[in-house]
Amino acid sequence: MKQTLRIVVPIVVLMGVIFGVTFFAQYSPQKDEEQVTTEPPLRFGSSARRWDPYSSSLQDQSFPGFYEVQADVSGPKKNAAAFWFENRNTKPVTIQLKGVSCGACSGGRVATIPTEVTRELLQLSAVSCLPQGLFSGFPLSIAGEAGNISPERLNWEGYDFKDNHKASYKVPAAADTDGWSPTWGILELQFSVGKVETKTLGAEFALQVDGTKQVGSARFDIMFEGVNPFELSQREIAVGEITDSSDSKKYEILVYSATRGPNAANGDLPMPSVRIDTTPGVTEAVPFVTADKPVRVSQAELAKFKATLEAKLGRPVRVEAVYRLNITVTPKVGEHRIDIGTLERDVWMSIPDSKEAQAVRVRGTVRGGVWLDDQREIDMGTYKNRDGFTQKYKLITENKDAVVEIVAGGEKPEFLKASVEKLPPGADRGAYELKVTVPKESESGRWSGEVVLVLKGANPQRIRIPVKGNGDR
């Protein structure tokens, strides 16, 4: 034990000496002529903020990076990024705004850290990092950034940049009389988010030590992304071609939020409600496209789903909460069969406290016992509206004895008229002539609609054929 103490005590003493020498070397005042020529007006620990979970910078890791869009960007600035600085000059420093990339959506404020708070942070950082060296090599201006500095303990001077294009702030002179109270401060840039987009907010300031020719400048960039309260892992489901005999197929959708979760400032993400919209005017006896009730992904599984999302999106994304659900396409339900033609459904999702709803569009083509010969839709092209226009098309039926009729009220727009006439069948297929007419003096301009037919039989099946045209006066 005595031998151990003989070794340990000198080491501890030596570390104390090293600490003292390092500390006083760091904070010993420089000669006035050296300050004038070499000391910048302010020393900033960093000049940019961006969310990067893989960065070595704790500031970039902790910066939220994703913010919900607000309706009025000129209103209160809800978001902020802080930049710490130190004044080592014996005179006050003036910070003045030179320019900002978005004056309407930004503001700023400056506060000097009170002497007692600085002392607490400095002593805490020095003691905790003593074995590794003073502040572990981090810049002095961010040494205490992890400390608990509540806004109530600071005296802020703030401006809205849209009303103050030359906003000016004062930073007190350095007065480190006890060796534990350097002049630290925080420049906080505040901003609003008006669009769902990736954006960089840039601001530049002029710096001057009052009463001297010591001048400088500082530019700050904040990279962030405006987002909705929740997003979807994909916006479209491509079903491809199916028939009424195709198997049911499920498609997984992830509903996630970068701003809402169990520990998020905006609160937790509630379970989304789901609504499925069919093509306008379409009524179904049974739903052929359905969605399961969303299921919350556990926190333990969150990392897995985050990796899945990042793989789909091709970039890092913040994920605070995730729900998953399956959208199922079933071409035949009991004796009911899905309509032949274009399959299009919108699966809408929403949450209670947001007006924004997100949709997944389900697209596909249903093949069946009737189809247009050599085309998938009717394009009537451009015609003279005053003369009217008629075009004929050929329908093929899989069964040569099949009966096809126009559904009453199945022509859209309402001015469109359609009729079918049976043609002589082939060896193994049936045929009909479909005549589509635009009457004289109908609506001019571009239009789109459909013609709905029905394949008669024990289990009738509808056929929807898209139609478009352009009436020219």
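Here are some residues: ASP428, ASP379, ASP346. Which one is in contact with a strand residue (DSSP E or B) (Cβ under 7 Å, 6 or more places away or on another chain), farther than 30 Å from ALA321 by Cα and of a type in the set (D, E, K, R)? Please lay out each step first, then the result.
Details: ASP428 fails: in contact with a strand residue (DSSP E or B) (Cβ under 7 Å, 6 or more places away or on another chain); ASP346 fails: farther than 30 Å from ALA321 by Cα.
Only one candidate qualifies: ASP379.
Within the group PRO270, PRO294, which residue is in contact with a Pro (Cβ under 7 Å, 6 or more places away or on another chain), surrounded by 13 or more Cβ atoms within 10 Å (Cβ to Cβ) and farther than 27 Å from PRO53 by Cα?
On the way: PRO270 fails: farther than 27 Å from PRO53 by Cα.
After ruling out the rest, the residue left standing is PRO294.
Can you pull out every residue in region 273-283 that is surrounded by 14 or more Cβ atoms within 10 Å (Cβ to Cβ) and assigned to a loop (DSSP other than H, G, I, E, B)?
Passing the criteria: THR278, THR279, VAL282.
Test each condition in (1) surrounded by 14 or more Cβ atoms within 10 Å (Cβ to Cβ); (2) assigned to a loop (DSSP other than H, G, I, E, B); (3) not acidic (Asp, Glu) for LYS422 and report the one that comes out false.
Unmet for LYS422, out of (1) surrounded by 14 or more Cβ atoms within 10 Å (Cβ to Cβ); (2) assigned to a loop (DSSP other than H, G, I, E, B); (3) not acidic (Asp, Glu): (2).
Which one of TYR432, TYR383 is surrounded by 14 or more Cβ atoms within 10 Å (Cβ to Cβ), touching a Lys or Arg at 6+ places or on another chain (Cβ under 9 Å) and more than 16 Å from ASP339 (Cα to Cα)?
Values: TYR383 fails: touching a Lys or Arg at 6+ places or on another chain (Cβ under 9 Å).
Among TYR432, TYR383, only TYR432 is surrounded by 14 or more Cβ atoms within 10 Å (Cβ to Cβ), touching a Lys or Arg at 6+ places or on another chain (Cβ under 9 Å) and more than 16 Å from ASP339 (Cα to Cα).
What strands (runs of 3 or more DSSP E) lie completely within region 189-253 and have 2 or more residues being more than 29 Å from ARG43 (Cα to Cα) and in contact (Cβ under 8 Å) with a residue 40 or more places away in the chain?
Per the criteria, 215-227, 236-243.
Closer than 30 Å to THR259 by Cβ and outside the structural domain of ALA238 (by TED's automatic domain parsing): which single residue out of ARG363, ARG386, ARG345 fits that description? Working first, answer last.
Numbers: ARG386 fails: closer than 30 Å to THR259 by Cβ; ARG345 fails: outside the structural domain of ALA238 (by TED's automatic domain parsing).
None of the others qualify; the one that does is ARG363.
Hey, any hits in region 352-364 for a residue that's more than 14 Å from SER273 (Cβ to Cβ) and in a loop (DSSP other than H, G, I, E, B)?
Checked region 352-364: no residue is more than 14 Å from SER273 (Cβ to Cβ) and in a loop (DSSP other than H, G, I, E, B).
Which residue out of GLY281, GLY314 is farther than 30 Å from GLY226 by Cα, at pLDDT below 90 and outside the structural domain of ALA431 (by TED's automatic domain parsing)? Before the answer, list the steps.
Working: GLY314 fails: farther than 30 Å from GLY226 by Cα.
Only one candidate passes the filter, namely GLY281.
Residue by residue through region 188-215, note down the ones that are over 15 Å from GLY99 (Cα atoms), buried (at least 22 other Cβ atoms within 10 Å of the Cβ) and under 33 Å from the mean Cα position of the chain (by Cα).
So the first thing to find is which residues in region 188-215 are over 15 Å from GLY99 (Cα atoms), and the list is 188, 192-199, 208-215.
With the extra rule that they be buried (at least 22 other Cβ atoms within 10 Å of the Cβ), the set shrinks to 192-193, 209.
Passing the criteria: SER192, VAL193.
Answer with yes or no whether ASP353 is acidic (Asp, Glu), closer than 24 Å to LEU455 by Cα and out of contact with any Ser or Thr (no Cβ under 8 Å at 6 or more places or on another chain). Before you say what the answer is, go through the steps one by one.
Numbers: acidic (Asp, Glu): yes; closer than 24 Å to LEU455 by Cα: no; out of contact with any Ser or Thr (no Cβ under 8 Å at 6 or more places or on another chain): yes.
No.
Quick one: is GLY410 part of a loop (DSSP other than H, G, I, E, B) and not assigned by TED's automatic domain parsing to the domain that holds ILE242? Talk me through it step by step, then tell me what you get.
Details: part of a loop (DSSP other than H, G, I, E, B): no; not assigned by TED's automatic domain parsing to the domain that holds ILE242: yes.
Taking the combined requirement at face value, the residue does not satisfy it.
Kindly indicate whether any position in region 8-19 is over 22 Å from the mean Cα position of the chain (by Cα) and modelled with pLDDT of 90 or more.
Taking region 8-19 as the starting set, the residues that turn out to be over 22 Å from the mean Cα position of the chain (by Cα) are 8-19.
Now drop any that are not modelled with pLDDT of 90 or more, which leaves none.
Within region 8-19 (the criterion being over 22 Å from the mean Cα position of the chain (by Cα) and modelled with pLDDT of 90 or more), the answer is no, since none of the residues qualifies.
State whether the residues of region 415-422 include one that is under 42 Å from the mean Cα position of the chain (by Cα) and in contact (Cβ under 8 Å) with a residue 24 or more places away in the chain.
Narrowing region 415-422 to residues under 42 Å from the mean Cα position of the chain (by Cα): none.
No, there is no match, as no residue in region 415-422 is under 42 Å from the mean Cα position of the chain (by Cα) and in contact (Cβ under 8 Å) with a residue 24 or more places away in the chain.
Mind listing whichever residues of region 297-328 are loosely packed, with under 13 Cβ neighbours inside 10 Å and assigned to a loop (DSSP other than H, G, I, E, B)?
Listed by number, the residues that qualify are SER298, GLY314, ARG315.
Does SER233 satisfy the condition of being crowded, with 16+ Cβ neighbours inside 10 Å, within 24 Å of VAL362 (Cβ to Cβ) and under 18 Å from the mean Cα position of the chain (by Cα)?
Values: crowded, with 16+ Cβ neighbours inside 10 Å: yes; within 24 Å of VAL362 (Cβ to Cβ): yes; under 18 Å from the mean Cα position of the chain (by Cα): yes.
For SER233, the condition - crowded, with 16+ Cβ neighbours inside 10 Å, within 24 Å of VAL362 (Cβ to Cβ) and under 18 Å from the mean Cα position of the chain (by Cα) - is met.
Kindly indicate which of SER168, SER181 is modelled with pLDDT of 95 or more, among the polar types (S, T, N, Q) and surrounded by 14 or more Cβ atoms within 10 Å (Cβ to Cβ). Lay out the reasoning, then the answer.
Values: SER181 fails: modelled with pLDDT of 95 or more.
The unique qualifying residue is SER168.
Here are the criteria: (1) more than 22 Å from THR283 (Cα to Cα); (2) in contact (Cβ under 8 Å) with a residue 60 or more places away in the chain; (3) not charged (D, E, K, R). Tell me which single one ASN459 does not satisfy.
Every listed condition holds for ASN459 apart from (1).
Condition test on GLU441, is it assigned to a strand (DSSP E or B) and farther than 22 Å from ASP339 by Cβ?
Working: assigned to a strand (DSSP E or B): no; farther than 22 Å from ASP339 by Cβ: yes.
Answer is no for this residue.
Could you identify the single residue in VAL407, VAL454 that is out of contact with any Ser or Thr (no Cβ under 8 Å at 6 or more places or on another chain), at pLDDT 90 or above and surrounded by fewer than 18 Cβ atoms within 10 Å (Cβ to Cβ)?
VAL407
The values are calculated or read from the model by the stated rules, or taken from the named source; none is laboratory data. None of the values given here were measured: they were computed from a predicted structure. All Cβ positions, even for glycine, are placed from backbone atoms using ideal geometry, and neighbour counts span all protein chains on display.
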